[in-house]
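The values are calculated or read from the model by the stated rules, or taken from the named source; none is laboratory data. Keep in mind that what you see is a predicted model, and the values were worked out from it rather than measured. Cβ placement follows ideal geometry from the backbone for every residue including glycine, while neighbour counts extend to all protein chains displayed. Side chains included, ligands, DNA and RNA excluded: accessible areas come from the protein's heavy atoms. Shrake-Rupley method; radii C 1.70, N 1.55, O 1.52, S 1.80 Å.
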Amino acid sequence: LDEELGRPHVEVFDDFDETAAASASLAQVYRAKLKADGRSVAVKVQKPSITRTIEIDLDLAGWLAGQLHQRSATLRPYDLPAVVEEVRKGMLRELDFTNEARNQQYFSFSNPHPDQVFAPAVVKELSSKRVLVTDWVDGSMVGDTTLPKEELRRIAENGAKSLINQVLVDGFFHADPHSGNLIISDDGRLAFIDWGLV
């Protein structure tokens, strides 16, 4: 984090909680406050050396796909080396958080219903290839909410309308909208987080 910021994080953040609020295969997310304006933010930090580990795994998968392609006439029509190469491109793109920041900003710009669904605002000046800083979303994960059924139905309809608009109108859509990437904000809106795959 300090390396990507170019200075100690204590110069940028107050109340930096060193216990991760969320963790995934590529990164961990921490809650903090910006010294500049006191705003609560989510600080997504890529795990050290993860790029090299993934490149090694992808090289191994590529070698295996090549062997299967050469040795199995049954599998040859599936062109496994091309499939692995497409996965490689997507994974390496996802490892660059500047792409995720751009995706999130584009969605925010093109979203016709920010009163119903949104993506947290990116703090661009603190975000980089291995760190993404966004507004913190107060709320509950979709699977953990205790809201009444009518309210959940309204939120689900808004989410479905948004996804239909993303796919069929914009042609630019959140490609990983599972319950861990959806937060119901305290103001009743649906927040799409983790824009690494679009």
Check whether at least one residue in region 152-173 is part of a loop (DSSP other than H, G, I, E, B) and open to solvent by 50 Å² or more (accessible area, probe 1.4 Å), and report yes or no. yes
Restricting the first residue to region 142-162 and requiring it to be touching a residue at least 24 places away in the same chain (Cβ under 8 Å) and under 12 Å from ASP186 (Cα atoms), which pairs with a second residue that is of a type in the set (Val, Ile, Thr) and in a helix (DSSP H, G or I) meet a Cβ separation below 8 Å and a spacing of at least six or different chains? LEU147/ILE155
Hydrophobic (A, V, I, L, M, F, W, C), open to solvent by 50 Å² or more (accessible area, probe 1.4 Å) and touching a residue at least 12 places away in the same chain (Cβ under 8 Å) - does that describe any residue in region 95-118? no
Can you pull out every residue in region 92-127 that is in contact with a helix residue (DSSP H, G or I) (Cβ under 6 Å, 6 or more places away or on another chain) and within 17 Å of ASP176 (Cβ to Cβ)? ARG93, LEU95, ASN99, VAL117, ALA119
Residue within region 104-113 that is closer than 23 Å to GLY171 by Cβ, touching a Leu at 6+ places or on another chain (Cβ under 9 Å), at pLDDT 95 or above and not charged (D, E, K, R) present: yes
Taking the options ARG31, ARG52, name whichever one is under 26 Å from LYS124 (Cα atoms), touching a residue at least 60 places away in the same chain (Cβ under 8 Å) and open to solvent by 70 Å² or more (accessible area, probe 1.4 Å). ARG31
